[in-house]
Amino acid sequence: MSGECLKILLCGMLAGDPRQGGATWAVLQYVAGLTALGHDVLALEPAPPGALDRDSDVRAYFESLTVPATEAGFGQGRGQQRGRGQGRRRGQGRLALIEAGGSETLGVSFSQVAAFAGGADLLLNVSGMLRDERLLESIEVRAFVDLDPGFNQVWHTQGEDMGFDLHTHFVTVGGLVGTPGCPVPTCGRSWIATLPPVSLEHWPAAAEQPRRDAFTTVGNWRSYGSLEHAGIRYGQRAHSLRELYDLPGRVETRFELALGIHPQETADIQALSANGWLLVDPQDVAGTPGAYRDFVRGSKAELCVAKSGYVASHGGWFSDRSACYLASGRPVAAQDTGFAGLLPTGEGLLCFATTAEAAQAVSEIEAHPRRHRRAARALAEEHLDARTVLSTLLERLGGTA
């Protein structure tokens, strides 16, 4: 890869699981950051069967992303970069939903996708979603981007085809994967650690007074089945939250969880309610990129409860959602996954391992809200700015920022 402007094909979840505003933002952060650096980006997602049908929810959600740039969270077209790096030309960002294995698309035609891929300098392939060799074969640098450290590697070791062999480089938000003492299998690959990028331009510091007088978060009770490997159980958020059931009773704080939980999980729903947790529907409060951003920025702070697999494997996972809270000037009390050795903690970002420590972190934020709000934003500016994070990643992949 060479030259100031790179052509970057980015594959990730845009709309295939609709009304997941946070998951969409995880991809849009890359689009926004890379275009701010002056690169030409095409973001695509292989569509599940029937997704492109005229009356499908996936199609409707995808089309909502391509129309209002303010909701999608990044500008399309070319213009001048504002702020740091002023004078550098902004790159271009485009979106496409493509029929898996076929040639039908939304957003950008297949011929345009194929032409872009044919001249692309780099593929950033989240979870190896893109397997279409018509698009992959001519790209010299193909990076598997791991946003689910531990799970992707264990699935591979247990015989799942994760598409590792289609890639030349391996990137992970598990900052300790591959380091001594981290039990996450490397699968014979060298993993490049990165932090989750956040586009500070699209996530400015929110008003000091939050609209929601609550610590909040967004996530799923369960995402998929749990795993066992080398004596470690890679469990779900459900297993972590059960250990924290009595937290609301320990502090004078309101907790709102935008939690995707199946209504048949009646015992857990009742236990959460009985212990003072307030559940809200994530599709109502965070079902689009715009709603998700409003929910995060309107919160007092985040209580980040990690999947128990991230905690047990201690791979250094840090949440792209928490990055959004921090950028918004919203402090984060986060369950420790090993990230405390990768990011500064104590002000703005506090970590905990036990319920008692969680209560202490929450109480500290409540006692000094202004100090922690300012520290949260400062931490995001110094460590999570998409332009800095992604320029460093490109350098480690052999390109130019």
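The values are calculated or read from the model by the stated rules, or taken from the named source; none is laboratory data. In this text, all values refer to a predicted model and were calculated from it rather than measured experimentally. All Cβ positions, glycine included, derive from the backbone under ideal geometry; neighbour counts span all protein chains shown. The accessibility values were calculated without ligands, DNA or RNA, using every heavy atom of the protein model including side chains. Shrake-Rupley method; radii C 1.70, N 1.55, O 1.52, S 1.80 Å.
Within segment 106-144, which GluC sites (Glu not before Pro) sit in a loop by DSSP and count at most 13 neighbouring Cβ atoms inside 10 Å?
For GluC sites (Glu not before Pro) across segment 106-144 that sit outside H, G, I, E and B with at most 13 neighbouring Cβ atoms in 10 Å, the list reads 137, 140.
Please report the carbon-and-sulfur percent of the accessible area for segment 209-364; probe 1.4 Å, protein heavy atoms only, DNA, RNA and ligands left out. All intermediate terms of the calculation are to be shown ahead of the outcome.
Details: 2680 of 5850 Å².
Carbon and sulfur together cover 46 percent of it.
Starting at the first residue of segment 47-62, write each ³J(HN,Hα) from the Karplus equation 6.51 cos²θ - 1.76 cosθ + 1.60 with θ = phi - 60°, in whole Hz, x for Gly and Pro.
In residue order, the calculated couplings are 8, x, x, x, 5, 8, 4, 4, 9, 7, 5, 4, 4, 4, 5, 4 Hz.
Just add up the charged neighbours of residue 96: K/R +1, D/E -1, any other residue whose Cβ is under 15 Å from the Cβ of residue 96.
The answer is -2.
Going from most exposed to least, what order do 55, 281 have by accessible area with a 1.4 Å probe?
In descending accessible area the options line up as 55, 281.
Can you give the net charge of the other residues whose Cβ lies under 14 Å from the Cβ of residue 53, counting K and R as +1 and D and E as -1? Intermediate values should be presented prior to the final figure.
On the way: positive: 54, 59; negative: 55, 57, 63, 99, 104.
Every neighbour counted, the sum reads -3.
Using the Karplus curve 6.51 cos²θ - 1.76 cosθ + 1.60 with θ = phi - 60°, what ³J(HN,Hα) values do you get for each residue of segment 305-313, in whole Hz, with x for Gly and Pro?
Each residue of segment 305-313 in turn: 9, 8, 4, 5, x, 5, 5, 5, 7 Hz.
By accessible area of protein heavy atoms, probe 1.4 Å, what ranking do 328, 111 get, highest first? Show your work: numbers first, answer last.
On the way: 328 0, 111 80 Å².
In descending accessible area the options line up as 111, 328.
I want to check the label-to-label distance for residue 395 and residue 252. Put each point 7 Å from Cα in the C-beta direction and report it in nm to one decimal.
Spacing of the two 7 Å Cα→Cβ label points: 4.8 nm.
With a probe of 1.4 Å, find how much accessible area the chain has per residue, and write the answer as a whole number in Å².
Values: 15700 Å² over 401 residues.
With all protein chains present, the chain gives 39 Å² per residue.
Tell me, what HN-Hα J-couplings in whole Hz come from the Karplus equation 6.51 cos²θ - 1.76 cosθ + 1.60 at θ = phi - 60° for each residue of segment 15-21, using x for Gly and Pro?
8, x, 10, x, 6, 10, x
Within 14 Å, Cβ to Cβ, of residue 121, how many net charges do the neighbouring residues add up to if Lys/Arg are +1 and Asp/Glu are -1?
Spelling it out: positives minus negatives among the neighbours equals -2.
For the chain, what is the calculated [θ] at 222 nm in deg cm²/dmol (nearest 500), taking -39500 (n - 2.57) for each run of four or more DSSP H residues and dividing by its residue count?
Working: 15 runs with 128 residues, N = 401.
Computed mean residue ellipticity for the chain: -9000 deg cm²/dmol.
Ordering 252, 265 by how much accessible area each has at a 1.4 Å probe, largest first, what is the list?
Largest to smallest exposure gives the sequence 252, 265.
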